[in-house]
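The next block holds one structure in the form of structure tokens; read it before the comments.
The values are calculated or read from the model by the stated rules, or taken from the named source; none is laboratory data. Keep in mind that this is a model prediction, so the values were computed, not measured. FYI the Cβ positions are ideal-geometry reconstructions off the backbone, even for glycines, and counts take in every protein chain you see.
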Amino acid sequence: MSSTRILILGVLLNGPMNGYGVRRKLEAMNADVWATIAYGSIYHGLGKMADEGLLEIVEGGKGGKGVYAITEAGREEFHRLLLKAWHEVKPIIDPFQVALTFMDKLEKQQLLSALHGRMAQLRMGVETMGHIVDLKRHHDAPDHIRENLLLTRAMLQAQLDWLENALPRVEADELP
């Protein structure tokens, strides 16, 4: 299932728009922070979904340059994918877990340096997400958008909490 597909179809539920309009809506939702979306893939996705009959071009040309509207088949596909996303629990794929698997291949100082560096990045991420949530609150973003950002912040915080507990074990030679 493609997150990009759900995002594009979901945005177009609000009415017809061109690729740039779709991108702007997704940027306003900070979709790049919590979804794996490459903004360049929007135009390809629009064209592909138009070819599949999920969208129709209501004005202009092909290749993302036209104005797209969601079709009834597109609405059905959106709801099918949305319900699938709600009911399907998938593992979160994080390259950090791959690195963690081989932490024993690093010298202790390298590992400690990596842990400290990652912790600093995560602290910054948690703080930044807090600021974004506050900005969204002041700009009257819908509650469900703020909740999504809060979930992202909580996931960053969970990893930071784990690292803060792991660090003393690495320092004490209990890990790896």
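Just to be sure before I move on: is His87 at pLDDT below 95 and either surrounded by 12 or more Cβ atoms within 10 Å (Cβ to Cβ) or closer than 28 Å to Lys25 by Cβ (or both) in the structure I sent? No.
If you scan segment 88-108, which residues turn out to be among the basic types (Lys, Arg) and closer than 17 Å to Leu163 by Cα? I'd like the intermediate steps shown before the answer.
Taking segment 88-108 as the starting set, the residues that turn out to be among the basic types (Lys, Arg) are 90, 105, 108.
Matches in segment 88-108: Lys108 only.
Taking the conditions (1) assigned by TED's automatic domain parsing to the domain that holds Leu26; (2) more than 30 Å from Val11 (Cα to Cα) in turn, Ser113 satisfies each one other than (1). Here Gly74 clears all of (1) over 30 Å from Val126 (Cβ atoms); (2) exposed (fewer than 12 other Cβ atoms within 10 Å of the Cβ) except the condition numbered (2). For segment 32-63, residues that are closer than 20 Å to Arg75 by Cβ and among the hydrophobic types (A, V, I, L, M, F, W, C) total 8.
Would you confirm whether any residue within segment 44-62 is under 28 Å from Ile132 (Cα atoms) and surrounded by 18 or more Cβ atoms within 10 Å (Cβ to Cβ)? Yes, there is a match, as at least one residue in segment 44-62 is under 28 Å from Ile132 (Cα atoms) and surrounded by 18 or more Cβ atoms within 10 Å (Cβ to Cβ). For segment 97-111, a residue qualifies if it is loosely packed, with under 13 Cβ neighbours inside 10 Å and in contact (Cβ under 8 Å) with a residue 60 or more places away in the chain, and the qualifying residues are Asp104, Lys108.
Looking at Met119, Met155, can you tell me which residue is under 30 Å from Leu12 (Cα atoms), surrounded by 15 or more Cβ atoms within 10 Å (Cβ to Cβ) and either free of Cβ contacts under 8 Å to residues at least 40 places away in the same chain or of a type outside the set (Val, Ile, Thr) (or both)? Break it down stepwise before answering.
On the way: Met119 fails: under 30 Å from Leu12 (Cα atoms).
Being under 30 Å from Leu12 (Cα atoms), surrounded by 15 or more Cβ atoms within 10 Å (Cβ to Cβ) and either free of Cβ contacts under 8 Å to residues at least 40 places away in the same chain or of a type outside the set (Val, Ile, Thr) (or both) holds for just one of Met119, Met155, which is Met155.
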